[in-house]
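Worksheet for the structure shown next.
Please treat every number below as a calculation from the coordinates, not as lab data. Not measured: the values here are computed from a predicted model. Positions of Cβ are generated from backbone atoms using ideal geometry, with glycine treated the same way; all protein chains shown enter the neighbour counts.
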Amino acid sequence: MMKRLMIFLFLLYSLAATAAPTSSTAAIHRDIDKLVSVYNDGFDRSKIKPRHVTFGALFGPVSETSRQDAVAFFALSDVDLTNIHQEYIAIFVQGRGRDLSENNGPKERPYHLIATAMVGSRWTRTLDWKTAKISKGQIIVQGSGWGEGDAGCCPTKPIEVIFNIAADLADNLTPKHYPILTETEGPAQSKPEKAEK
């Protein structure tokens, strides 16, 4: 009997552990749907597939690594599905779990939007969202820019974009935090070549 109970508890814990990112991602996708409706002129499209969400400790003290803030990338494309598109970043801070619902008060959402911006489009640059790396106050993403002679479909110039946002912004917005999101773009860092054996 005890063995069955232990197996049941283990399975229950495993399901809860795997469900957390999925439910977090679902909540963020619902918020992205709202952003799409705001950015959209009625002729643009956005599907779930051209989206990517990365979790990590972006805000809070450097010593706090258990946070799961979220950085989401999404795109809008013209209704005719040509190469014309706009890429956006949306930065979400993880909630603190505040809940006053027992006393008919509010319950904090798991994530709330802290910044959003257009970060790419045809003839400027396109980002490889899956390369996004999050650290305190910084998001680093690889991508491609259009070089001289590149076709509209095919940028060839490797770039690296570093987005900076104050790590203490989520707790205390002050005038020193403006602009909220800054960026620098440069050539992609070349990977060290492997030594031949």
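Quick look at the numbers
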| read-out | value |
| --- | --- |
| Cβ-derived FRET efficiency at R0 41 Å, GLU102 paired with LYS133, nearest 0.05 | 0.55 |
| Debye log10 I(q)/I(0) at q = 0.10, 0.13, 0.20 Å⁻¹ for the stretch 64-183, Cα point scatterers | -0.41, -0.63, -1.12 |
| Förster-model FRET efficiency, 25 Å R0, TRP123 and GLU183, C-beta, rounded to 0.05 | 0.90 |
| Rounded FRET efficiency, nearest 0.05, which uses the C-beta distance separating LYS176 from ARG30 and R0 of 25 Å | 0.20 |
| Prolate/oblate/rounded call for the stretch 113-171, Cα gyration tensor, a/c under 1.5 rounded | prolate |
| Set LYS34/LYS176; LYS34/LYS157; LYS107/LYS130; LYS133/LYS176; LYS130/LYS176; LYS107/LYS133 screened for pairs whose C-alpha atoms are more than 27 Å apart | LYS34/LYS176; LYS34/LYS157; LYS107/LYS130; LYS130/LYS176; LYS107/LYS133 |
